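Chemist: After the structure tokens below, expect a handful of questions from me.
FYI, it's all coordinate maths here, none of it is from the lab. What you see is a predicted model; the values in this text were computed from it and never measured. We place every Cβ from the backbone using ideal geometry, glycine too, and count neighbours over all the protein chains shown.
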Amino acid sequence: MNGWALFGPELFVFGAALVFLALCLVKSPSPRRDFMVALSLAALVVVAGLAALKAQGTLFAEAYRVDLFSQVFKVLLALGLFLVICLCSRLNGVEARHHPEFYLLLFICTLAMMLLSSAVHLLSIYIALELSSYSLYVLVSLRRARQMAMEASLKFFLVGITASAVMLLGLALLYGATGAVTVHELARILPGAADRPLVQVGLMLTLCGFFFKLAVFPFHVWAPDVYQGAAHPATAFIATASKIGAVAVLVRLAAASEESGTYLAHALVALSILSMTVGNLAAIAQKDLKRMFAYSSIAQAGYVLIGILSMSPDGYAAAIFYCLALLVMKFTGFLVLVAVAFDGANIEIAELAGLHRRSPLLAMALMTSLFSLAGIPPTIGFTGKFLIFNAAIAQGHLPLVLIAMVNVVISLYYYLMVVKAAYLLEPALDPPPMQLPAAVNVLAVALVAFMVVFGVYPQAFIEMARFAAAALLK
Amino acid sequence: MNLFNILFYSIALLIVVSTGLAVTRRNLVHAVIYLIMSFFGSAFVFYLFGAPFLAALMVIVYAGAIMILFLFIIMMLRVETPEEQLFPARQMWPAVAVAAGYLVVGALLAAHDPAAGAVLGPAQTEPAVFGAYVFRNTWLAVEVTSLLLLVALIGALFIGKRPTHESEE
């Protein structure tokens, strides 16, 4: 297969970004036109991703590896982009004349994540990571409520550049110790050099860049403010798609450093426990729905880390599967958020009161998504957690899994508080039933069906995740 | 201790001191000038290592182009120099603690890693060969950097723009 076909999805996303660059220059703002163009281009990106699913090969002087692993992640990213753009039909958190820029940055960020999932040269990985971070910083600042958005964007930026600096130091140490510039060279050299402190410190600091993206402790401090300060679709993108690229690189690096001894695994165990505990305990105290989602996603990042630190094919497959599950679960939560907060302002959890009478379908979607995030059967979230915990126990991480289970119980409390608000609390004054577009209803039904059906019959996706993990280790 | 060592350590000291001054100055113009000094120092270190091309790039690109641009921006925007300290001293402690942590880890690494004292082999090359390497082996990163600059430009436009009345909620 030639290079053009291998690089197809990325080129397509790049082309789509150029379309919006041109639309930025058009004088008259037309949100409807921008939305329709973005939606159709994003749908085509999904098609392009699926068409290139079986592609295989290397590009750019061995700096870029296209295999089933990367292609699966690209499809997930394309799906995330498409779903997030579905939320933008009434993008009233952002000024109408900035809509083309908003879509431009969404597409560029998706492109960066796609590059990230395939890049094996450390320099390319770093640059792609920076590209995705910078597009997100700007995306956050685009919100109409300027003061809040600016503050969030600056906090995001400051934590981000700190994480980048730490990561660069790690890369320098790693390069100084091994002389390796690609992930494959690392995989070859590391088993012999694993007990050297320089290598261990270098690896750990390098991973910090991805911990920032994934909002893992101690790089989680940006999450609540950024989730709160960004426009709803931008928050949805940060919560869903932007985690996927980071997981892809983390899994790839973990697979490369599998043999590098137990130090790395121990450090990851500590970070995973801290993330879960900090995220879950802080989430209990939240009143703002988006801040609650932020802390919940810090905790979820801890669960994903458990799959990665198992450092076994089953663990990687579980992490990939859980990525898909998280994408759908979190997105469903944001679908409800965007529908309820129709004027683009933030809402508190208490404002969900009476949702089951205003829109029974949305209330059910919210309940399914939260139950799935908490890991209650028969949802896809339960299956994902089951796979992750199973893989971790097989590698002898029983205490870690027990701590994770305690955390699952803690998280149940605040998820149930939201469900209680939606179902049991009575609003002060009776709001009218919500008039939802048919497309939102269809999407909500489809997402609920997805979470339940593939929670009960997950076999097809588990197989896919296994094949992807196997392609990684080849 | 030969001449090279003396030169290296004195320049290293110069770099550390001028960078420290650049970080702590409240007057932005002074900070930029100290940073230029630090870049000149780095250029000289590269020259000592036998990399004259990198040394020239350091002077031309960093000290020459980027810092002059900084000076232009500072002079054009007329950023007022805040007289008071930007944040209270107790907020410095976490930063000091983190920096001390790095210092300790760095010292431990230098003391315990068997390869810490190893002499790295020289990697001298012609500028043309270096350029060919960059654009042949890492051109994906080079191209993505151009996209990064585009995004940074958009960001500078939005974040640096003064708020208009219609954009207030």
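Chemist: Rounded if a/c is under 1.5, else prolate if a/b is larger than b/c, else oblate: which is the protein assembly as shown, with a ≥ b ≥ c the root eigenvalues of its Cα gyration tensor? The partial results should precede the final answer.
Modeler: Working: a/c = 1.63, a/b = 1.36, b/c = 1.19.
Since a/c reaches 1.5 and a/b is larger than b/c, the shape of the protein assembly as shown is classed as prolate.
Chemist: Still on this structure, please answer the following. Given charges of +1 on the Cβ of Lys and Arg and -1 on the Cβ of Asp and Glu, with all other atoms neutral, how large is the dipole of chain A about its Cα centre, in debye to the nearest 20? Let's see the in-between values first.
Modeler: On the way: 27 positive and 21 negative charges, 112 e Å.
For this selection, approximately 540 debye.
Chemist: Once each part is reduced to its C-alpha centroid, what is the distance from region A:269-316 to region A:416-474 in angstrom?
Modeler: Cα centroid of region A:269-316 versus Cα centroid of region A:416-474: 19 Å apart.
Chemist: Compare the peptides A:245-251, B:42-48, B:2-8 by average per-residue count of other Cβ atoms within 10 angstrom and give them in order, highest first.
Modeler: Details: A:245-251: 26.7, B:42-48: 18.4, B:2-8: 10.4.
Sorting A:245-251, B:42-48, B:2-8 by mean packing, highest first, produces A:245-251, B:42-48, B:2-8.
Chemist: Moving on to the next point. Can you tell me the orientation of helix A:241-256 relative to chain A, as the angle in degrees between its alpha-carbon axis and the longest Cα principal axis, to the nearest 10?
Modeler: 20
Chemist: Per residue of B:145-157, how many C-beta atoms from partner chains lie within 10 Å of its own C-beta, taken as a mean? Each step should come with its number before you reach the end.
Modeler: Values: counts 4, 0, 11, 10, 2, 7, 16, 6, 1, 12, 10, 1, 2.
Counting other chains' Cβ atoms within 10 Å and averaging over B:145-157 gives 6.
Chemist: Another question, if that's okay. Taking the number of other C-beta atoms within 10 Å as the exposure measure, put A:Glu101, A:Glu151, A:Glu95 in order starting with the fewest.
Modeler: Working: A:Glu101 22, A:Glu151 16, A:Glu95 19.
Lowest to highest Cβ neighbour count: A:Glu151, A:Glu95, A:Glu101.
Chemist: For region A:103-256, with the dipole built from +1 on Lys and Arg beta-carbon atoms and -1 on Asp and Glu ones, taken about the Cα centre, which of A:Leu139, A:Thr206, A:Ile127 lies farthest toward the positive end?
Modeler: Looking along the dipole axis, the top candidate is A:Leu139.
Chemist: Check the straight Cα-Cα distances from A:Lys330 and name the lysines below 27 Å, setting aside those fewer than 8 residues away within the same chain.
Modeler: The reachable lysines, counting only those whose Cα sits under 27 Å from A:Lys330, are A:Lys74, A:Lys155, A:Lys213, A:Lys243, A:Lys287, A:Lys290, A:Lys385, A:Lys420.
Chemist: Given the -39500 (n - 2.57) contribution per DSSP H run of 4+ residues, what per-residue ellipticity at 222 nm results for chain A, rounded to the nearest 500 deg cm²/dmol? Numbers along the way, then the final one.
Modeler: Working: 21 runs with 360 residues, N = 474.
The per-residue figure over chain A is -25500 deg cm²/dmol.
Chemist: Please order A:Asp225, A:Asp288 by the number of other Cβ within 10 Å, starting at the fewest.
Modeler: On the way: A:Asp225 20, A:Asp288 16.
Least to most surrounded, the residues fall as A:Asp288, A:Asp225.
Chemist: Shielding by partners for A:141-152, please: the mean number of other protein chain Cβ atoms within 10 Å of each residue's Cβ. Walk me through the intermediate numbers first.
Modeler: On the way: counts 5, 4, 2, 4, 3, 7, 3, 1, 4, 3, 0, 0.
Average neighbour count from other chains, rounded to a whole number: 3.
Chemist: Could you tell me whether region B:1-81 comes out rounded, prolate or oblate from its Cα gyration tensor? Rule is a ≥ b ≥ c as square roots of the eigenvalues, rounded for a/c under 1.5, then prolate if a/b exceeds b/c, otherwise oblate. Before the final figure, lay out each step's value.
Modeler: On the way: a/c = 5.61, a/b = 1.74, b/c = 3.22.
Verdict is oblate for region B:1-81.
Chemist: Between region A:40-79 and region A:142-215, what's the alpha-carbon centroid distance in Å?
Modeler: Measuring centre to centre over Cα atoms gives 24 Å.
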